[in-house]
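The values are calculated or read from the model by the stated rules, or taken from the named source; none is laboratory data. Since we're looking at a predicted model, the values are computed, not measured. Counting neighbours? That spans all protein chains shown, and the Cβs are built from the backbone with ideal geometry, glycine included.
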Amino acid sequence: MQAGNEHAVKVLNGLIERTLDSVNGYREAAEHVDNPTYKSMFAERVDKRLALTRQLQAEVRTFGAKPEDDQSFMGKAHNKFVGLKDAVTGSSDKGVINEVERGEDVLKAQFESAVGDSDLPPQVQNLVSRLYQEVKADHDQISRIKHELH
């Protein structure tokens with residue numbers, strides 16, 4: 001594999017891990033929120049993020065590489081921390097939305113970094129830019145909800 005391709009695979013696999021963090025975060029959020037509208041939205045986001053992950057994984061395969069298929073270590077640790085915190089203090093819709101936005105901030109930042117990566121091949125740059133628009137729109141919606149609750 002060429003050096004540029006190795007870089008692309010590394011960036012794509014990082015995005016896959018972070019997107020899988022988001023999938024698991026939305027699953028957790030759907031379980032801990034009371035508002036049925038939020039439950040439904042979070043369940044839909046799980047499906048959207050899984051579809052986004054499959055697109056990233058398919059792109060990794062075009063380089064003859066193995067795509068990531070699990071979330072990041074930090075994502076797993078965060079999920080355990082949030083679960084422990086909820087067990088001790090309880091969860092509220094407002095608290096869940098705050099955690100979802102925190103996760104969305106991280107995902108959006110990683111996609112922004114990839115969008116700005118001039119070392120990525122054009123086809124990867126195009127895919128990442130297109131998917132970033134979806135991630136940004138989802139982030140902005142969660143941010144609006146958070147600010148409405150505060």
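Across segment 56-69, a minimum of one residue is classified as among the charged types (D, E, K, R) and touching a Leu at 6+ places or on another chain (Cβ under 7 Å).
Residue count for segment 1-50 under the criterion of being free of Cβ contacts under 8 Å to residues at least 24 places away in the same chain and either among the polar types (S, T, N, Q) or outside any helix (DSSP H, G or I) (or both): the result is 3.
Could you run through segment 100-122 and say how many residues are buried (at least 20 other Cβ atoms within 10 Å of the Cβ) and farther than 15 Å from Arg18 by Cα? Residues in segment 100-122 being buried (at least 20 other Cβ atoms within 10 Å of the Cβ) and farther than 15 Å from Arg18 by Cα: 1 in total. Number of residues in segment 58-77 that are buried (at least 19 other Cβ atoms within 10 Å of the Cβ) and at pLDDT 90 or above: the value is 3. When Thr53 is tested against (1) part of a helix (DSSP H, G or I); (2) farther than 15 Å from Phe111 by Cβ; (3) modelled with pLDDT of 95 or more, just one condition goes unmet, and that condition is (2).
Residue-wise test of (1) modelled with pLDDT under 90; (2) touching an Asp or Glu at 6+ places or on another chain (Cβ under 9 Å); (3) among the aliphatic types (A, V, I, L, M); (4) surrounded by fewer than 18 Cβ atoms within 10 Å (Cβ to Cβ).
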| position | (1), (2), (3), (4) |
| --- | --- |
| Val11 | no, yes, yes, no |
| Glu28 | yes, yes, no, no |
| Lys39 | no, yes, no, yes |
| Phe81 | yes, no, no, yes |
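Taking into account only those residues within segment 112-148 that are hydroxyl-bearing (Ser, Thr, Tyr) and in a helix (DSSP H, G or I), which is farthest from Glu101 (Cα to Cα)?
Filtering segment 112-148 down to residues hydroxyl-bearing (Ser, Thr, Tyr) leaves 113, 118, 129, 132, 143.
If we keep only those that are in a helix (DSSP H, G or I) as well, we get 113, 129, 132, 143.
Numbers: Ser113: 18, Ser129: 21, Tyr132: 16, Ser143: 6 Å.
Restricting to residues being hydroxyl-bearing (Ser, Thr, Tyr) and in a helix (DSSP H, G or I), the top hit is Ser129.
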